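Trainee: Here it is: the structure, laid out below.
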Amino acid sequence: MVRGLYTAATGMTVQRNKMEVLTNNLVNAETTGFKRDSLVTSSFTQVMLQRINDPGVSVFGGGQVGPYSFGTHIDELITDFAPGSLEATGKSTDLALEGDGFFVIETEAGERYTRSGNFSVSGNGYLVTGDGNYVLGENGRIFVGFGDFQVAGDGTVTSASGEAGRLRLVDFEDTGVLRKQGNSLYYAYGGGGPPPA
């Protein structure tokens, strides 16, 4: 009976998590730069359970329970980085990436990455995200001033006073190292940063 309750509980937990992921995907479907998530699950025939008294957990010793043939387990949460649809806004601060790659953003927590290009100009003339984080170029923050500016296909930013820099764009061989931080920002988990430019 306990095995049946445990099996039902693991199934309900997985379904609850699937609903949370689906709800988050629906709520953010119209958010610029949002990437949908998917859960990967497996049955306990592929997962080993450990008893509470396994070595390192209890002073009583013990061992593996062994394969357990019922229940489900969440293996991982996968983000789909397939490019979304592009929409022309007519604003010079709205940028988009065709194909792979990420803009590099300077935050208080360090460099973050985004595919969301709905930027603005800060009160001091720098290109920033909606949260006020600086968009980075190959030589640091990009100063565009307060007039019009243009961004060429290669990422070169030109303002009224001349070339302001070139957007720093990065790509990851394995996007599985990226974790969501919020506001369409990602960070590299486990030291798996982008390859050097």
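Trainee: Highest first, please rank the peptides 86-94, 7-15 by the mean number of other Cβ atoms sitting within 10 Å of their residues.
Mentor: Order by mean packing, descending: 7-15, 86-94.
Trainee: Which aspartates and glutamates have a Cα less than 19 Å from the Cα of LYS180, not counting those fewer than 8 places away in the same chain?
Mentor: Reachable aspartates and glutamates: GLU20, GLU30, ASP37, ASP75, GLU76, ASP80, ASP100, GLU106, GLU108, GLU111, ASP131, ASP171.
Trainee: A further question follows. For region 72-162, what size does the Cα cloud have along each of its three principal axes, sorted from largest down, in whole Å?
Mentor: 60, 30, 20 Å, listed from the longest principal axis down.
Trainee: On to the next question. Cut-off under 23 Å on the C-alpha distance; same-chain residues fewer than 8 positions from LYS91 excluded. Which lysines are left, in chain and number order?
Mentor: LYS35
Trainee: Moving to a separate point now. Report, in whole Å, the centroid distance computed from the Cα atoms of region 110-125 and region 138-197.
Mentor: Computed from Cα coordinates, the inter-centre distance equals 9 Å.
Trainee: Once you list every other residue whose beta carbon is under 11 Å from the beta carbon of PRO83, what net charge do they have if Lys and Arg are +1 and Asp and Glu are -1?
Mentor: Result for the local shell: -1.
Just so you know, all these numbers are worked out from the coordinates, no wet-lab data involved. Predicted model only: the values in this text are computed from it and were never measured. Every residue, glycine as well, gets a Cβ built from its backbone with ideal geometry; the counts of neighbours run over all protein chains shown.
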